[in-house]
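Since every read-out is calculated from the coordinates, none of them should be taken as a lab result. The model shown is predicted, which means the values in this text are computed figures rather than measured ones. Here the Cβ positions follow ideal geometry from the backbone for every residue, glycine too, while neighbour counts run over all protein chains shown.
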Amino acid sequence: MALPKRRHSNQRTRKRRTHYKLEPVQTIECPNCGEPMLPHRVCPSCGYYDGLPVISLKTKKKKEK
């Protein structure tokens, strides 16, 4: 396997690495409930996808004293 003859300088390495950056997560507004959600996925807050209920979510009951 080929090996580099000389070491790459820090500047050359950093120039290449300038493009290795994270992009923000893209979210859309759920058409059913209005909460932010990832596109092309079931809404985690209401359980709807494409206007149809896909999963039923359980609601937490408040404890009575």
Expected sort for 29-42, 4-17, 46-59 on mean C-beta neighbours within 10 Å, highest first, is 29-42, 46-59, 4-17
If every Lys and Arg gets +1 and every Asp and Glu gets -1 at its Cβ, then about the Cα centre the chain yields a dipole, in debye to the nearest 20, of 940
Of the residues Thr18, Leu3, Asn32, the Cα lying farthest along the dipole of the range 1-40 towards its positive end, which is defined by charges on the beta carbon of Lys, Arg, Asp and Glu, belongs to Leu3
Summing -39500 (n - 2.57) over every DSSP H run of at least 4 in the chain, dividing by its residue total and rounding to the nearest 500, the 222 nm mean residue ellipticity is -3500 deg cm²/dmol
